[in-house]
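J.: Here it is: the structure, laid out below.
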Amino acid sequence: MPCLSLNLRLRPRSRHGLISIQCVTMSLPAEEERMKPEEINLIKRSQQGEIEAMEKLYDMYRKPLFNLIYRHTYNFAVAEDLLQDIFIKIFTNIQDIKVEGTFRGWVYRIALNTCYSYLRQNKSKLQKTVALEGVEHTLKQDEPLLKDRSLRRPLEEAIKILPPRLKSVFLLHDVQGFKHEEISQVLGCAVGTSKSQLFKARLKLRNHLKDKQII
């Protein structure tokens, strides 16, 4: 799973003294093609109530879901609590999944709906209580968000201030590797809307980095 497909290609400074960036979109296979036979097997066994299979699905989705939740709440303790709530919902309703290829989108739909519900109820209470480095250290990410550490914090700050819907599309597409067709199913919007919101999210990120004189 890619860490981020908003690869920042830094180009030489122009005569105006600016460095331009280019967004590179990764092409990933469709949901059904991406799901491995062993994951399908775990889903079926989980539907039969097998605890070991549930634990393996938990381990498989824990890190990406936690990162998605954290980048919506920016509160480590809240993200941990919401993660547990989300998995309770997943395993309580896993029998609803009839086609295994829809499982990943269904999981992320539950996660995002849970995040949105929390944000609506706690809009005035949100605080960033743990530094990003602490979260990354805890989760032992396979890759850093960006190899260029000078860009990591400004980009995280830019992601934090994105409107929730734009943030969700950006994280699903450029961080989690979803296609627009999948995002439209997760968020219940048109494919064109997903593409438009991704464009707006990237533009806001670029403008934020430009305002900070990062690019």
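J.: For region 30-117, treating each Cα as an identical point scatterer without solvent, what Debye log10 I(q)/I(0) comes out at q = 0.12, 0.15, 0.17, 0.22 1/Å?
T.: -0.34, -0.54, -0.68, -1.09
J.: Could I ask something else about it? So what is the relative contact order of region 146-215, in percent, for Cα pairs below 8 Å that sit 6 or more residues apart?
T.: 38
J.: Summarise the long-distance tail of P(r) for region 146-215 by giving the % of C-alpha pairs beyond 15 Å.
T.: Of all Cα-Cα pairs in region 146-215, 51 percent lie more than 15 Å apart.
J.: Ok, one more. Highest first, please rank the peptides 157-163, 48-54, 197-203 by the mean number of other Cβ atoms sitting within 10 Å of their residues.
T.: Averaged packing, sorted descending, gives the order 197-203, 157-163, 48-54.
J.: Among LYS56/LYS179; LYS56/LYS200; LYS98/LYS123, which pairs are too far apart, with a Cα-Cα distance over 32 Å?
T.: With Cα atoms farther than 32 Å apart: LYS56/LYS200; LYS98/LYS123.
J.: List, in order, the whole-Hz ³J(HN,Hα) value for each residue of region 108-121 obtained from phi through the Karplus relation with A = 6.51, B = -1.76, C = 1.60 and θ = phi - 60°; use x for Gly and Pro.
T.: The phi angles translate into 6, 5, 4, 4, 5, 4, 5, 4, 4, 4, 4, 4, 5, 7 Hz.
Here, each number is a calculation from the coordinates, and none is a lab measurement. The shown structure was predicted, so the numbers you read here are calculated from the model rather than taken from an experiment. So basically every Cβ, Gly included, is an ideal-geometry build from the backbone, and we count neighbours across all protein chains shown.
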